[in-house]
């Protein structure tokens, strides 16, 4: 017997959690707490990449252009970033710091426009996209200048950004499950 309902699940908590946890993990590394390793790369491929793309596809299917664009784009970011890191081991040329600077700057510009799009939304969304724009700008600057200090500062900005996204994901889950506002956005 089928128990279908017309209610659709919200894919945003999945996309936000995947973004949050991969962003936190990478930026704990960027802040200098541990080395880049397969732990970050695996999280980047399977959770930051694939899970966000799945959330994005569902958002598109539900008619949410913003959510679909954001989650599929940042999911693709994670897949391309890991590919950039591992491709040299397969004989492809490594990315220069200048090339990485441009890569990160383009993601920063994209993110800046997404920040404009959420400006009329909730505070947490503004904090996520505002801090992510700053994060990409700092990472681009660190690559263009070779500054380790800027890279470490970027890591701490990224930890804040990932924390904001984690909070929003958990708030959406808790508030949705409880049927009322428990964690404000």
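Observations, loosely collected:
- Relative contact order for region 40-185, counting Cα pairs under 8 Å that sit 6 or more residues apart, in percent: 16
- Label-to-label distance, nm, for residues given as residue 92 and residue 152 (7 Å Cα→Cβ offset): 3.2
- Neighbour-count ranking [beta-carbon atoms within 10 angstrom, fewest first] of 107, 102: 102, 107
- Among 143, 175, 30: highest mean-square fluctuation, GNM of the chain, C-alpha pairs under 10 Å: 175
- The Cα center of region 65-104 and the Cα center of region 23-48 differ in position by 14 Å.
- Over the residues of the chain, the helix contribution to mean residue ellipticity at 222 nm works out to -24500 deg cm²/dmol, using -39500 (n - 2.57) for each DSSP H run of at least 4.
- The average projected area of the chain, computed from the convex hull of its Cα atoms over all directions, is 12.4 nm².
- For region 3-109, convex hull of alpha carbons as volume per residue, Å³: 125
- Taking 136, 60 and counting other C-beta atoms within 10 Å, the order from fewest to most: 60, 136
- The smallest convex shape that holds all Cα atoms of region 76-185, its convex hull, gives 112 Å³ per residue.
- Degrees separating the helix 65-86 axis from the principal Cα axis of the chain, which is the longest one: 30
- Taking Cα atoms only, the orientation of helix 12-30 departs from the longest principal axis of the chain by about 20 degrees.
- Sorted by Cβ neighbour density within 10 Å, fewest at the top, the residues 89, 42, 131: 89, 42, 131
- Cα long-axis angle, helix 97-117 against the chain (0 to 90 degrees, to the nearest 10): 30
None of the figures in this text is laboratory data; all of them are computed from the coordinates on show. Quantities reported herein were computed from a predicted structural model and do not represent experimental measurements. A quick note on method: Cβ atoms are made from the backbone with ideal geometry, for glycine too, and the neighbour counts reach across all protein chains shown.
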